[in-house]
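K.L.:
What follows is a single structure, and I will ask about it in a moment.
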């Protein structure tokens with residue numbers, strides 16, 4: 001075996017900081033010109049030298065959004081987008097996800113009226129009054145209201 005053909009396995013040595021002034025990396029050890037508390041290791045990011053933290057100075061902002069209602073707004077679907085179904089199909093949540101009309105996150109769906117539903121569909125979702133009328137006018141029916 002030829003020793004000159006071995007793969008090189010050298011690793012770059014890490015810089016040894018803080019080993020005296022003669023080393024060239026002594027005194028402040030790459031921590032800038034500061035030689036005080038911020039040059040040390042474990043002090044929190046939000047520490048301001050004993051002054052009250054910014055978060056504590058605005059107590060109202062900390063509680064914002066904690067008491068909002070948990071009502072989930074429905075995903076809204078226009079009637080014209082239901083034309084991707086064929087005549088006689090049943091439209092429900094699972095079918096809408098399969099067709100890619102909604103993502104699978106929000107289970108609350110409502111169908112609103114707009115122009116142009118041309119298919120006879122059976123809709124098993126909540127609809128507006130105008131959407132219900134338009135579905136029945138096209139020859140379909142709604143089963144959930």
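A short reminder: the numbers here are calculations on the coordinates, not readings from a lab. Since we're looking at a predicted model, the values are computed, not measured. Positions of Cβ are generated from backbone atoms using ideal geometry, with glycine treated the same way; all protein chains shown enter the neighbour counts.
K.L.:
Between residue 51 and residue 11, what is the FRET efficiency for a Förster distance of 41 Å, r being their Cβ-Cβ separation, to the nearest 0.05?
P.N.:
On the way: r = 44 Å, r/R0 = 1.08.
So, using R0 = 41 Å, E works out to roughly 0.40.
K.L.:
By per-residue mean of other Cβ atoms within 10 Å, what is the highest-first order of 13-23, 83-93, 115-125?
P.N.:
Values: 13-23: 10.2, 83-93: 14.9, 115-125: 16.9.
Descending mean neighbour count gives 115-125, 83-93, 13-23.
K.L.:
Expected output is a single nm value to one decimal: the length gained when fully extending between residue 87 and residue 70, i.e. 0.36 nm times separation in residues minus the C-alpha distance. What is it? List each step's numbers first, then the result.
P.N.:
Values: separation 17, 0.36 × 17 = 6.12 nm, distance 3.74 nm.
Contour length minus Cα-Cα distance gives 2.4 nm.
K.L.:
With the calculation restricted to Cα positions, what are the radius of gyration and Dmax of the chain in angstrom?
P.N.:
Spelled out, the Cα radius of gyration and Dmax of the chain are 33.3, 91 Å.
K.L.:
Write down the Kirkwood hydrodynamic radius of the range 75-142, to one decimal in angstroms, obtained as one divided by the mean of 1/r over all alpha carbon pairs. Walk me through the intermediate numbers first.
P.N.:
Numbers: mean 1/r = 0.0859 Å⁻¹.
One decimal place: 11.6 Å for the Kirkwood radius.
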